[in-house]
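Quick notes on the structure that follows.
The values are calculated or read from the model by the stated rules, or taken from the named source; none is laboratory data. Owing to the predicted nature of the structure, the values given are computational and were not obtained by experimental measurement. When we count neighbours, we look across all protein chains shown, and the Cβ atoms used for this are built from the backbone with ideal geometry, even at glycine. Side chains included, ligands, DNA and RNA excluded: accessible areas come from the protein's heavy atoms. Shrake-Rupley method; radii C 1.70, N 1.55, O 1.52, S 1.80 Å.
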Amino acid sequence: MDLSGNSRILFLLFVGVFMGSLDIGIVGPALPSIQTYFIVNERVLSWVFTIYILFFMIGTPLMAKLSDIYGRKSIYILDIFLFAVGSLITITSFSFEMLLLGRAVQGIGAGGIFPVANAFIGDIFPPEKRGSALGILSSVWGLSSVLGPVLGGLLLNYSWQLLFIVNLPIAAGVLIGSIYILPKSVRNRKILFDWYGLIVLGTLVVSLAYGLNQIDTNHFLNSISSLAVWPFLVLSILLVPVLWKVEKIASDPLIQVDLFKNREVKLISSISIGTGLIQASTVFVPAFVIVALSFSTANASLMLMPIVATMAVGAPIIGKLLDRFGSRNIMITGAITMMVGLFMMSMFSRSFYLFILAGILVGIGMSTAIGSPPRYIMLIESPPKERASGQALINILTSVGQLMGGALIGAVIGSYAGKIGGYELAYLGIGFVAIVMTILAIGLKNKQEQIKTMNLSYDPK
């Protein structure tokens, strides 16, 4: 690549996004070591993942809007700095609570890195170059999902802290490059931030995550009626209509609720929540393997490779198949494939080869659910002025699913004290989520109906 002009900026954004996405893939292998180091149970351990997703979700709309107000460069530098500070706190943690604080700060920074980087592409690249630039930026997910578990497995031979130390030199390089390479920020004082929406959304997801995490599946009725569960679940339910009302009257809402008038948007939004649930389940695979197959911590992380390698290879292939087969057929096939893989993990967890095959099937399915098909559908169904909001909506709903998944899976596993039965039950439950996703995908528009919608969208009249 010729690192001049926009190419240097693209390279800098690529490295920043790579750093943030690598941290998502690398944390799974670290969970068993972190559990041993701080001596915490599985229910509490799940917050290492959950709190990152929670603050990632809050940081995404917060930093995106702040970049509109204070300029892309200033907020991108702030995001990278926060991510580095969060990594440093995590590395130097002398208590589990301090570790969670570090993960929260990381989540806020990472939540801003992704949307601000995409906004930079829209700002500095001409229309005919934006597609290829976004494609290069998006390819980082496949690269980091493969390197994350491998790098994690190698570094765990020394210490779990090394998994986060690698962020520091990368962040330093990106910070220096951002100061000298990125174009100057332009401040816009006319934009008003939807603080009420952010507060309601944050309270809702925190309450939901905590309430779900405290459920004991062995004593479900007793736990669901306890003060540690029901007040938080009730609060999260009550805040849903409040959030809807706040976003309806906001001049520039975090969530474009008018999009939900569209049936196709409702379906793909529900599928996105399921996608997040399944994504969360992959974080617990190394710990599952240690219990089921008696692997070492370092080797267990390599069992993520069938999933992430298949995703890395499958995602670009799926993108090319969209125009030929239509998103509905691909989404249905992917959901069924995920369902089979998840059930296999649950039922044949003690078989090394069947576990690998299950991982491959889950990876194939996730290539469709996480990759281009849902974004393709949302792009078609969103009005031109609301396309960015539509894409952001997928991110938010997927994060909600990840948040719920991390809390629920941690609760199920914790209820069985980390024994194999808890993992098997958790993955069986996630398999039923894939069944629901399949049913929802059947209701999507077929290829001919999508083409008709696209033609109407581009009708000059």
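What to note about this one:
- When we screen Thr333, Thr310 for residues that are in contact (Cβ under 8 Å) with a residue 40 or more places away in the chain and among the hydroxyl-bearing types (Ser, Thr, Tyr), the only hit is Thr310.
- Selection status of Tyr427, open to solvent by less than 10 Å² (accessible area, probe 1.4 Å), at pLDDT 90 or above, assigned to a helix (DSSP H, G or I) and among the hydroxyl-bearing types (Ser, Thr, Tyr): yes
- If you check Arg328, Arg375, Arg350 for being touching a helix residue (DSSP H, G or I) at 6+ places or on another chain (Cβ under 9 Å) and not in a helix (DSSP H, G or I), only one passes: Arg350.
- Residue satisfying condition, being assigned to a helix (DSSP H, G or I) and touching a Ser or Thr at 6+ places or on another chain (Cβ under 8 Å), within set Thr60, Thr90: Thr60
- Of the candidates Ser225, Ser185, the single residue that is among the hydroxyl-bearing types (Ser, Thr, Tyr), surrounded by fewer than 17 Cβ atoms within 10 Å (Cβ to Cβ) and touching a Ser or Thr at 6+ places or on another chain (Cβ under 7 Å) is Ser185.
- Residue identified as in contact with a Lys or Arg (Cβ under 8 Å, 6 or more places away or on another chain), within 30 Å of Gly414 (Cβ to Cβ), open to solvent by less than 40 Å² (accessible area, probe 1.4 Å) and of a type in the set (A, V, I, L, M, F, W, C) among Ile51, Ile91: Ile51
- Leu259 satisfies every condition listed in (1) open to solvent by less than 20 Å² (accessible area, probe 1.4 Å); (2) at pLDDT below 85; (3) closer than 16 Å to Leu403 by Cα except (3).
- Helices (runs of 4 or more DSSP H) enclosed by segment 199-298 - at least 2 residues per element that are among the polar types (S, T, N, Q): 220-224, 263-283
- Of all residues in segment 237-292, those satisfying the criterion of being among the hydroxyl-bearing types (Ser, Thr, Tyr) and under 20 Å from Met378 (Cα atoms) are Ser269, Ser270, Ser272, Thr275.
- Selection within segment 15-45 - under 15 Å from the mean Cα position of the chain (by Cα) and of a type outside the set (A, V, I, L, M): Phe18, Gly20, Ser21, Asp23, Gly25, Gly28
- Among the residues of segment 163-194, the ones that are over 23 Å from the mean Cα position of the chain (by Cα) and either within 24 Å of Gly102 (Cα to Cα) or modelled with pLDDT of 85 or more (or both) come to 11 in all.
- Out of Ala312, Ala280, one residue alone is in contact with a Gly (Cβ under 7 Å, 6 or more places away or on another chain) and over 24 Å from Ala407 (Cα atoms). It is Ala312.
- Top-ranked residue in segment 163-179 [being under 23 Å from Ala309 (Cα atoms) and of a type outside the set (Phe, Trp, Tyr); ranked as surrounded by the fewest Cβ atoms within 10 Å (Cβ to Cβ)]: Val166
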